[in-house]
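Here's the structure, in structure tokens; my notes come after.
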Amino acid sequence: MSIVTIIIASLLLLDVGWWFVADRVLQRAGWKAQARILHSFFFGLQLAGLAAVIASRRSEVWDRLPAVFTSAVYLWHLIVLPLLLPLSIAVGLVALLAWIIGKIRKGEASHAIKPESDAITRRAFLAATAAFTPQLFTVGLTAIALRQLEQFRVRRMTIPIRDLPAALNGLTIAHVSDIHAGRFTRGAILREMTAAVNDLRSDLVLLTGDLINGALHELPEGIETVRRLDAPSGVYMIEGNHDLFPGREAFESHVKRSGIPLLVNETAQLTVRDHPVQLLGQRWGGPIFRRRQGNDDGTITAAFEELIALRDPEAFPILLAHHPHAFDPAAAAGVPLTLAGHTHGGQLMLNAETGFGPWMFRYWSGHYSRGDSHLVVSNGVGNWFPLRTRAPAEIIHLTLQRV
């Protein structure tokens with residue numbers, strides 16, 4: 001049984017469990033059928049939405065559901081519902097303790113008990129609060145997420161590189177990562193992204209993986225997005241883990257047939273400003289793609305060692321690696337510049353140093369350096385998940401500076 005199957009089964013059980021418990025609380029508090037129907041309607045939509053998200057891996061129809069609906073399903077199941085589990089356990093323990101204390105004090109004077117009508121009113125209010133607050137919280141998060149899905153920034157950086165060839169001083173690169181064409185990133189926002197990249201008029205446009213969100217039917221729109229990008233010295237891309245969810249061969253063959261330069265542990269030799277530049281495009285994971293392979297540092301290092309053997313000592317090298325941990329072997333090998341993505345800037349961050357970014361990665365957003373080697377990690381311009389906190393979507397515009 002796969003981890004994905006276990007997670008989905010757990011979410012379904014949590015859905016049904018919370019639905020049943022909250023409905024019982026409303027019923028025992030005396031709420032009429034209308035309130036319970038409204039409550040049940042929310043859970044019916046969530047269960048239908050979860051089924052649609054699962055089915056969308058095989059059918060494009062389900063992937064075209066309104067973003068408001070899909071966002072609510074994601075936020076409920078991946079943020080609100082998991083938070084409810086420990087909260088429910090804590091509330092249950094408190095309720096159990098209160099029940100035990102009540103039994104102990106059962107013989108106390110009746111004047112200590114408030115009139116039944118007040119008790120019912122208070123109980124009904126608390127029951128409604130417990131039942132509907134998580135749903136209202138989900139609605140609020142969804143409103144925030146919908147606005148974020150239409151936003152990205154252009155982040156400008158100047159990277160000082162020791163002994164940068166004089167001809168390349170001032171070289172500009174549009175670093176685009178994690179477009180995730182598909183469920184949350186499609187249509188108008190993709191056209192806005194390409195327009196913003198082209199307006200930068202960079203020498204190179206380099207894409208560091210996750211062109212699609214994870215389904216083969218998303219690929220035509222992703223390919224068309226890359227085709228609209230333009231740069232005097234070319235547009236080049238590598239693969240990310242989401243790209244390979246439909247299968248390595250399927251993704252790679254479709255992209256290569258489109259004519260887009262896709263580097264899979266391959267290099268591209270080009271001349272930029274009359275100087276040779278070599279792009280080193282690192283493969284995701286091992287030669288045979290597995291969903292759980294690719295994050296292991298040993299696998300990353302093995303792929304890099306195959307790639308660095310192709311290095312041209314006369315050309316200025318730039319490593320394109322979806323996973324930022326490729327920077328470690330790259331810095332050890334003296335590669336001056338590595339571009340990466342994958343982290344989404346941590347996606348959900350409390351501040352620049354606290355959140356999923358540093359919890360999961362050594363490098364998660366922005367510019368890092370070690371000796372004369374530099375790494376730039378993009379937050380990504382697209383979204384697989386509708387909500388970001390302190391990790392805004394971005395296109396990075398780099399200017400290389402000789403020092």
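Select from region 385-400 the residues that are within 15 Å of T338 (Cα to Cα) and not hydroxyl-bearing (S, T, Y) and write down the one among them that is nearest to the chain's Cα centre (by Cα).
Looking at residues that are within 15 Å of T338 (Cα to Cα) and not hydroxyl-bearing (S, T, Y), I get I396.
Would you please name the residue that is farthest from the chain's Cα centre (by Cα), looking only at residues in region 364-384 that are assigned to a strand (DSSP E or B) and surrounded by 24 or more Cβ atoms within 10 Å (Cβ to Cβ)?
Ranking the qualifying residues of region 364-384, first place goes to H374.
Going through R36, R57, R123, R147 one at a time, which residue ends up being within 40 Å of the chain's Cα centre (by Cα) and either at pLDDT below 75 or part of a loop (DSSP other than H, G, I, E, B) (or both)?
Step by step, each of R36, R57, R123, R147 is checked, and only R57 is within 40 Å of the chain's Cα centre (by Cα) and either at pLDDT below 75 or part of a loop (DSSP other than H, G, I, E, B) (or both).
If R283 satisfies all but one of (1) farther than 17 Å from L320 by Cα; (2) basic (K, R); (3) modelled with pLDDT of 95 or more, what's the number of the condition it fails?
For R283, the failing item is (1).
If you check T299 against the conditions, is it within 22 Å of R362 (Cβ to Cβ) and out of contact with any helix residue (DSSP H, G or I) (no Cβ under 8 Å at 6 or more places or on another chain)?
So T299 passes the test.
Which condition does D63 not pass, out of (1) in a helix (DSSP H, G or I); (2) within 21 Å of F125 (Cα to Cα); (3) out of contact with any Leu (no Cβ under 9 Å at 6 or more places or on another chain), if it passes all the others?
Among (1) in a helix (DSSP H, G or I); (2) within 21 Å of F125 (Cα to Cα); (3) out of contact with any Leu (no Cβ under 9 Å at 6 or more places or on another chain), the lone unmet condition for D63 is (2).
Being under 15 Å from the mean Cα position of the chain (by Cα), at pLDDT 95 or above and of a type in the set (A, V, I, L, M, F, W, C) is the filter here, so list the residues in region 211-251 that pass it.
L211, I212
Go through (1) more than 18 Å from the chain's Cα centre (by Cα); (2) polar (S, T, N, Q); (3) closer than 18 Å to W384 by Cβ and name the single condition T208 misses.
So T208 meets the others, but not (1).
Considering region 195-206 alone, what residues qualify as being open to solvent by 10 Å² or more (accessible area, probe 1.4 Å) and without any contact (Cβ under 8 Å) to a residue 40 or more places away in the chain?
Within region 195-206, A195, N198, D199, R201 meet the criteria.
Taking the conditions exactly as written (open to solvent by 60 Å² or more (accessible area, probe 1.4 Å), within 30 Å of I161 (Cβ to Cβ) and either without any contact (Cβ under 8 Å) to a residue 60 or more places away in the chain or of a type in the set (G, A, S) (or both)), does L270 satisfy them or not?
It is false that L270 is open to solvent by 60 Å² or more (accessible area, probe 1.4 Å), within 30 Å of I161 (Cβ to Cβ) and either without any contact (Cβ under 8 Å) to a residue 60 or more places away in the chain or of a type in the set (G, A, S) (or both).
Could you list all residues from region 319-363 that are in a strand (DSSP E or B), of a type in the set (A, V, I, L, M) and touching a strand residue (DSSP E or B) at 6+ places or on another chain (Cβ under 6 Å)?
L319, L320, L337, L339, A340, L348, M349
Report whether or not G286 is surrounded by fewer than 20 Cβ atoms within 10 Å (Cβ to Cβ) and touching a helix residue (DSSP H, G or I) at 6+ places or on another chain (Cβ under 9 Å).
Here the answer is yes, as G286 does meet what is asked.
Scan region 385-403 for residues that are surrounded by fewer than 19 Cβ atoms within 10 Å (Cβ to Cβ), in contact with a strand residue (DSSP E or B) (Cβ under 6 Å, 6 or more places away or on another chain) and either of a type in the set (A, V, I, L, M) or assigned to a loop (DSSP other than H, G, I, E, B) (or both) and report the count.
Looking only at that region, the number is 3.
Going through G222, G170, G247 one at a time, which residue ends up being touching a residue at least 40 places away in the same chain (Cβ under 8 Å) and surrounded by 22 or more Cβ atoms within 10 Å (Cβ to Cβ)?
The unique qualifying residue is G222.
Please enumerate the residues belonging to region 324-342 that are open to solvent by 10 Å² or more (accessible area, probe 1.4 Å) and without any contact (Cβ under 8 Å) to a residue 40 or more places away in the chain.
H325, D328, P329, A332, A333, G334
The values are calculated or read from the model by the stated rules, or taken from the named source; none is laboratory data. Keep in mind that what you see is a predicted model, and the values were worked out from it rather than measured. Heads up, the Cβs are rebuilt from the backbone with ideal geometry, glycines too, and the neighbour counts pull from every protein chain shown. Quick note on the areas: whole protein, heavy atoms, side chains included, nothing else; ligands and nucleic acids left out. Shrake-Rupley method; radii C 1.70, N 1.55, O 1.52, S 1.80 Å.
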